[in-house]
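Chemist: Got a structure for you, written out below as structure tokens; questions coming shortly.
Every number here is computed from the coordinates shown, using simple stated rules; none is lab data. Everything quoted here is computed from the prediction, not taken from an experiment. Backbone-built Cβ (ideal geometry, glycine too); neighbour counts: all protein chains shown.
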Amino acid sequence: MTDQVTIIGAGITGIACARHLHRAGLKVRVIDKGRNIGGRMSTRRTRQGLQFDHGAQDLATTDPDFAQMLRGLGGAVAPWADRGPVGSPGMSDVVRAMARDLDVTQGAMVAGLRRGDAGWQIAIDDIWQDAGRVALAIPAPQARDLLGADHPFAEPLAKVAYDPCVTLMAGLSPDAPQPFRWKSGTGAAAWIAHDGSKPDRQGQPLATWVMQADPDFSAQHIDVGFDQLACMMAPVLLDQLGAASDHLQYASAHRWLYSRVSRPLGQPFLADDGNGLLAGGDWALGPTARDGWASGTAMAAHLLADG
Ligand SMILES: Cc1cc2nc3c(=O)[nH]c(=O)nc-3n(C[C@H](O)[C@H](O)[C@H](O)COP(=O)(O)OP(=O)(O)OC[C@H]3O[C@@H](n4cnc5c(N)ncnc54)[C@H](O)[C@@H]3O)c2cc1C
């Protein structure tokens, strides 16, 4: 079996897997279609000098191993309010710090996967290249699309379910009320975070807020355009804060088709050992970044045990 491993997906799952393999001396390459590392642990930065964690909000965990890994990232992780650790200065910095020293290719969409003479081959921009053994660390529906409906993984992957999530990112003038750092509720305002109160976010021209809707509201509004969605959600945020409409200086929306896993696989990954193919992600174990990290870590241990 070749010692080259290609990991598709540079979210916390793929990077956790790559880190372990790299430290064990394997030749590892990570490929991601996004412009930035981190996947759903993401930070949106705007031309106006604002930033928003519009995906994962915090990394509260009871897993001592995950907590220890986070502590090892030094300044890229800091405590926030009474919630637990967050990325510093943004959520994506956690995965970026984990990826230090790794070979990560960004902006490269893997559109095909096939068996070659010496392991797997992957297609990027219609060019096939050797990949050795492959670990898929992408959301289950995307893994299914890549592998095809006839692949043995397709059936278990189809059982995984996710909630959608529509998200508002808002900037308010600094004199607007800031009555809390975070709050949970229902409907459009299922989660509200004063994003700018997280560590190392100071110095922005506006007070930044992130509001995420619950799965029902999100499913009902998943096809609404971003501008309309922002117009619909912003008044809800202002109402929750007790702020006036002229406090609102910036609003934009984002939709996550796959946000948090509502029905996980129930095992840390899928394996086709005979062919050197694994698939994992948060979807294997549960709805949090910790679950992705645990899946990626388990895939690495499996690959190392396999030689
Ligand atoms: C709105 C929201 C709120 C959340 N809140 C929390 C929270 O508070 N706490 C918490 O712990 N978790 C939270 N989560 C969940 C957390 O973000 C995920 O569990 C975690 O980020 C999953 O990591 P992953 O690596 O498995 O997948 P992802 O982060 O989705 O990474 C997959 C990567 O694969 C790449 N990719 C996909 N297809 C391809 C392809 N064909 N070729 C190349 N690259 C590809 C993508 O670009 C992406 O970077 C939240 C998620 C969302 C969306």
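Chemist: For the range 201-307, count all C-alpha to C-alpha pairs, find those more than 25 Å apart, and express that count as a whole percent of the total. Mind dumping the intermediate values first?
Modeler: Details: 2688 of 5671 pairs.
Here the tail beyond 25 Å accounts for 47 percent of pairs.
Chemist: To continue, here is another question. In what sequence do Ser92, Ser197 fall when counting other Cβ within 10 Å, fewest first? Present the calculation step by step, with values, prior to reporting the outcome.
Modeler: On the way: Ser92 26, Ser197 17.
Final ranking by Cβ density, sparse to dense: Ser197, Ser92.
Chemist: As a footprinting exposure proxy, order Thr61, Thr105 by other Cβ within 10 Å, with the fewest listed first. List each step's numbers first, then the result.
Modeler: Values: Thr61 18, Thr105 14.
With the fewest neighbours first, Thr61, Thr105 line up as Thr105, Thr61.
Chemist: Here is a further query. Once you have the Cα-Cα distance between Asp223 and Asp63, take 0.36 nm times their residue separation minus that, and quote the gain in nm to one decimal.
Modeler: Numbers: separation 160, 0.36 × 160 = 57.60 nm, distance 3.66 nm.
My answer for the length gained is 53.9 nm.
Chemist: Taking every DSSP beta bridge that has both residues in the chain, what percent is antiparallel when rounded to the nearest 5? Can you show the working numbers first?
Modeler: On the way: 42 of 56 bridges.
For the chain, the DSSP antiparallel bridge percentage is about 75.
Chemist: Looking at the calculated P(r) for the chain, what percent of the C-alpha pair distances fall above 35 Å?
Modeler: Details: 10122 of 46971 pairs.
Within the chain, distances greater than 35 Å cover 22 percent of Cα pairs.
Chemist: Please list 3J(HN,Hα) in residue order for the range 198-207, calculated via the Karplus relation 6.51 cos²θ - 1.76 cosθ + 1.60 where θ = phi - 60°; whole Hz, with x for glycine and proline.
Modeler: Taking θ as phi minus 60°, the curve returns 5, x, 6, 9, 5, x, 7, x, 10, 7 Hz for the range 198-207.
Chemist: Identify, among Gly14, Gly107, Gly84, the residue whose Cα sits farthest towards the positive end of the charge dipole of the range 12-145, taking +1 on the Cβ of Lys and Arg and -1 on the Cβ of Asp and Glu, with the dipole about the Cα centre.
Modeler: Farthest towards the positive pole: Gly107.
Chemist: Using DSSP to define loop residues, name the trypsin sites (Lys or Arg not before Pro) in the range 1-88 whose beta-carbon has at most 10 other beta-carbon atoms within 10 Å. Show your work: numbers first, answer last.
Modeler: On the way: sites: Arg19, Arg23, Lys27, Arg29, Lys33, Arg35, Arg40, Arg44, Arg45, Arg47, Arg71, Arg83; in loops: Lys33, Arg35, Arg40, Arg47, Arg83.
Filter output for the range 1-88: Arg35, Arg47.
Chemist: Another question, if that's okay. So the label point goes 7 Å from the Cα of Ser262 along Cα→C-beta, right? Which residues of the range 212-230 then have their backbone N under 13 Å from it?
Modeler: Flagged as within label range: 214-222.
Chemist: Apply the Karplus parameterisation 6.51 cos²θ - 1.76 cosθ + 1.60, with θ equal to phi minus 60°, to every residue of the range 157-173 and state each ³J(HN,Hα) to the nearest whole Hz, in sequence, with x for glycine and proline.
Modeler: 4, 5, 7, 6, 10, 10, 8, x, 8, 9, 10, 9, 10, 10, x, 10, 4
Chemist: In the range 162-256, if the dipole is taken from +1 on Lys/Arg beta carbons and -1 on Asp/Glu beta carbons about the Cα centre, which of Val210, Met232, Ala244 is farthest to the positive end?
Modeler: Farthest towards the positive pole: Val210.
Chemist: While we're here: Classify the range 9-56 from the C-alpha gyration tensor, please: rounded if a/c falls under 1.5, else prolate or oblate depending on whether a/b exceeds b/c.
Modeler: On the way: a/c = 3.27, a/b = 2.73, b/c = 1.20.
In terms of gyration-tensor shape, prolate.
Chemist: Counting other Cβ atoms within 10 Å, which trypsin sites (Lys or Arg not before Pro) in the range 89-142 have at most 14 and lie in a DSSP loop? Spell out each step's value before the answer.
Modeler: Values: sites: Arg96, Arg100, Arg114, Arg115, Arg133; in loops: Arg100.
Answer in residue order: Arg100.
Chemist: Something else now. Between 0 and 90 degrees, rounded to the nearest ten: what's the tilt of helix 289-305 against the longest Cα principal axis of the chain?
Modeler: Its long axis makes an angle of about 10 degrees.
Chemist: Which order results if Met233, Met299, Met109 are arranged by neighbouring Cβ count within 10 Å, fewest first? If you can, show how the numbers build up before the last one.
Modeler: Details: Met233 26, Met299 31, Met109 13.
The fewest-first ordering by Cβ neighbours comes to Met109, Met233, Met299.
Chemist: Also: What ³J(HN,Hα) values, in whole Hz, does the Karplus curve 6.51 cos²θ - 1.76 cosθ + 1.60 give for the range 128-141 when θ = phi - 60°, with x put for Gly and Pro?
Modeler: Karplus values, whole Hz, x for Gly and Pro: 8, 9, 5, 10, x, 7, 10, 10, 7, 10, 10, x, 3, x.
Chemist: Grab the Cα-Cα distance for Ala158 and Asp216, subtract it from 0.36 nm times how many residues apart they are, and report the gain in nm with one decimal. Walk me through the numbers before you get to the answer.
Modeler: Numbers: separation 58, 0.36 × 58 = 20.88 nm, distance 2.11 nm.
Answer, rounded to one decimal: 18.8 nm.
Chemist: On the principal axes of its Cα set, how long, how wide and how thick is the range 162-256? Give whole Å, largest value first.
Modeler: 34, 25, 21
Chemist: For the range 1-113, what Kirkwood radius comes out of the mean inverse Cα-Cα distance, in Å? Please list the in-between numbers first.
Modeler: Details: mean 1/r = 0.0673 Å⁻¹.
Here the Kirkwood hydrodynamic radius works out to 14.9 Å.
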